[in-house]
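**Q** Just dropping this structure here.
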Amino acid sequence: ASPSRAAMRTREEVDATLQVAKLNAAELLPTVHCLSFGLGASGAAAGDFCLLELEPALCQQLEAGHSLVIRGDKDEQAVLCSKDKTYDLKIADTSNMLLFIPGCKTPDQLKMEETQCNIIHTEIFGFSNNYWELRRCRPKLKKLKKLLMENTYEGPDSQKEEDSNRSKYTTEDLLDRIQASEEEIMTQLEVLNACEIGGYWRILDFDYEMKLLNHITQLVDSESWSFSKVPLNICLQELGPLEPGEMIEHCLKCYGKKYTEEGEVYFDLSADKICRATAQMLLQNAVKFNLAEFQEVWQQSVPEGMITRLDQLKGLALVDRHSRPEIIFLLKVDDLPEGNQERFNSLFSLREKWTEEDIAPYIRDLCGEKQTIGALLTKYSRSSMQNGVKVYNSRRPIT
């Protein structure tokens, strides 16, 4: 009906329409909405508005005054972020036309009102045949490390620090560039051992980090301290002339846990983290390393009293037991592709068949909230038995 015709519709006409449609008025609510298209409806429906379907928890966040942010550069698939979660945005088409009706009352609201058999004339403001659907996804954090690695921190005396044109990123800059929630970004900055220097987030150059760690371990040795009880204040006093205090404390935080005892601050340094960093230092300059020789050099290179074990290198280095002699080489999980299929393609191009023990450290970060390593292997690989051991290879040819 035209707008004017719909506006003139009477109760008798409504009842007659119900009769033609063979609907029993007694089974319906007494209130009738007569809908009409306003003259501006076509303009409002032409993409000026988007419908977004939200889960109850996100609705509550919006109602409480929190924000939801859409993030992504022009060449990226858009994501929506809450304070602590990231969601893929997908367009869902619907065969039913969705109408925008300002002030429209739902059947539940009408039931609560004592109404006569009245007619409400309502103008349709716009319409849509699709809506945005949210699907929880892993935060896209690989770009975070890539940005911070553009300009690593080599210490206050480095000539790089005098170059103002080098890229540096504040928290706000990272929130603009990274497709992840603020909480997920801050957690990943901690995982990357990033620190804030002059208001900018920086990753320490690995050689500089090892230099700081070496100062600390040498001091622990010379003072005959236990690695489980390294006093912060004395470290700052003794090493202050060599390096900035905030860098010494940052290094202690990276490799240990902070605690207080009798008013003094101490750090419990992790032998596993120190052994792992030492292994990375040894392996980064060699394409491949004879395993037996590496294990000998590695044990000699760590502080006295620490025991090296290959399981300290999960996600950092890979052992090839089939080569003669056996070898070990650097393979860092954070250097691998972020997408599931791309990750498996990369791993299977490196090695045709994997045991679950070997591949697990390189796919664990791909597991969703309720996903297991076994489920990922079932989806992206094919299993077989080799010399009584279950191995996994690619489901598709690797080029």
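**Q** Note the full-extension length gain between Asn340 and His121 as 0.36 nm times their separation in residues minus their Cα-Cα distance, in nm to one decimal.
**A** The span from Asn340 to His121 would gain 73.6 nm if fully extended.
**Q** Moving on. Enumerate by residue number the trypsin sites (Lys or Arg not before Pro) in segment 125-179 meeting two conditions: DSSP loop (anything except H, G, I, E, B), and at most 11 other Cβ atoms within 10 Å of the site's Cβ.
**A** On the way: sites: Arg135, Arg136, Lys140, Lys142, Lys143, Lys145, Lys146, Lys160, Arg166, Lys168, Arg177; in loops: Arg166, Lys168.
Listed in order of number, the matching sites are Arg166.
**Q** Shape of segment 59-125 from its Cα gyration tensor (a ≥ b ≥ c, root eigenvalues): rounded if a/c is under 1.5, otherwise prolate when a/b > b/c, or oblate?
**A** Judged from the Cα gyration tensor, segment 59-125 comes out prolate (a/c at least 1.5, a/b above b/c).
**Q** Using the eigenvalues of the Cα gyration tensor, what equivalent ellipsoid semi-axes result for segment 182-274 when each is taken as the square root of five times the eigenvalue, whole Å, largest first?
**A** Ellipsoid semi-axes (Å, largest first): 22, 15, 13.
**Q** Next question. List the residues, sorted by chain then number, that are 5 or more residues from Ile70 or on another chain and whose placed amide H is less than 5 Å from its amide H.
**A** Cys81
**Q** Taking just the alpha-carbon atoms of segment 248-390, what radius of gyration and Dmax come out, in angstrom?
**A** 18.1, 59
**Q** State to the nearest 20 debye the size of the charge dipole of the chain about its Cα centre, where the only charges are +1 on K and R beta carbons and -1 on D and E beta carbons. Walk me through the intermediate numbers first.
**A** Numbers: 47 positive and 63 negative charges, 399 e Å.
Charge dipole of the chain: 1920 debye, to the nearest 20.
**Q** Consider a paramagnetic label point 7 Å from the Cα of Glu182 along Cα→Cβ; state which residues of segment 135-173 have an amide N under 14 Å from it.
**A** Once the point is set 7 Å along Cα→Cβ of Glu182, 171-173 turn out to lie under 14 Å by backbone N, inside segment 135-173.
**Q** As I understand it, the dipole of segment 284-399 uses +1 on the Cβ of Lys and Arg and -1 on the Cβ of Asp and Glu, about the Cα centre. Which of Asn393, Phe289, Pro337 lies farthest toward its positive end?
**A** Sorting the options by dipole projection puts first Asn393.
**Q** Skipping prolines and chain starts, which residues have an amide H placed within reach, meaning under 5 Å, of the one on His121, given they are 5 or more residues away or on another chain?
**A** Cys34
**Q** Please work out how much length the chain gains when fully extended from Asn214 to Ala16, using 0.36 nm per residue of separation minus the C-alpha to C-alpha distance, in nm with one decimal.
**A** 62.2 nm
**Q** Do any trypsin sites (Lys or Arg not before Pro) in segment 219-326 lie in a DSSP loop with no more than 16 other beta carbon atoms within 10 Å, and if so, which?
**A** Values: sites: Lys229, Lys253, Lys257, Lys258, Lys273, Arg276, Lys288, Arg309, Lys314, Arg321; in loops: Lys229, Lys288, Arg309, Lys314, Arg321.
The qualifying sites are Lys229, Lys288, Arg309, Lys314, Arg321.
**Q** From the phi of every residue in segment 195-208, what ³J(HN,Hα) in whole Hz does the Karplus formula 6.51 cos²θ - 1.76 cosθ + 1.60 yield, where θ is phi - 60° and glycine or proline is x?
**A** 9, 8, 10, x, x, 10, 7, 9, 9, 5, 4, 4, 5, 5
**Q** Same structure, new question: Would you work out which of Ile234, Pro107, Gln280 lies farthest towards the positive end of the dipole of the chain, given +1 charges on the beta-carbon of Lys and Arg and -1 on that of Asp and Glu, about the Cα centre?
**A** Result: Pro107, furthest along the dipole toward the positive end.
**Q** Compute the separation of the alpha-carbon centres of segment 95-112 and segment 237-283 and state it in Å as a whole number.
**A** 61
**Q** May I pose another question? Taking θ as phi - 60°, what are the ³J(HN,Hα) couplings along segment 222-228 by the Karplus curve (6.51, -1.76, 1.60), each to the nearest whole Hz, with x for Gly and Pro?
**A** 5, 8, 6, 7, 7, 5, 8
**Q** With unit charges on the beta carbons (Lys and Arg positive, Asp and Glu negative) and the dipole taken about the Cα centre of segment 151-212, which residue among Met186, Ser167, Tyr200 sits farthest to the positive side?
**A** Projecting each Cα onto the dipole axis, the largest value belongs to Ser167.
**Q** To continue, here is another question. Give me the 1.4 Å probe accessible area per residue for the chain, excluding ligands and nucleic acids, in Å².
**A** Ligands and nucleic acids excluded, the result is 60 Å² per residue.
**Q** Shifting gears a bit: Could you compute the FRET efficiency for Ser228 and Arg309, with r as their C-beta to C-beta distance and R0 at 25 Å, rounded to 0.05?
**A** 0.85
**Q** Using 7 Å Cα-to-Cβ label points, what is the Glu356/Gln299 separation (nm, one decimal)?
**A** Taking the two extended label points, one gets 3.1 nm.
**Q** Further, regarding this structure: Here are a few candidate values for semi-axes √(5λ) of the Cα gyration tensor in Å: (1) 44, 24, 18; (2) 33, 27, 21; (3) 61, 29, 19. Which one was actually calculated from the structure I just gave you?
**A** Checking each listed value against the structure points to (3).
**Q** Per residue of segment 321-326, what does 6.51 cos²θ - 1.76 cosθ + 1.60 with θ = phi - 60° give for ³J(HN,Hα)? Whole Hz please, x for Gly and Pro, Karplus curve as stated.
**A** 7, 8, 7, 10, x, 4
**Q** Under 5 Å between amide hydrogens, which residues at least 5 positions from Gly256 or on another chain qualify, with H placed 1.01 Å from N in the peptide plane?
**A** Ser270
**Q** Per q in 0.14, 0.16 1/Å, what log10 I(q)/I(0) does a Debye calculation on the alpha-carbon atoms of segment 43-166 return?
**A** Listed by q, the Debye log ratios stand at -0.87, -1.02.
The values are calculated or read from the model by the stated rules, or taken from the named source; none is laboratory data. This is a predicted model, so every value here is computed, not measured. Glycine also receives a Cβ, built like all others from the backbone with ideal geometry; neighbour counts cover every protein chain displayed. Calculation scope for accessible area: heavy atoms of the full protein, side chains included, ligands and nucleic acids excluded. Shrake-Rupley method; radii C 1.70, N 1.55, O 1.52, S 1.80 Å.
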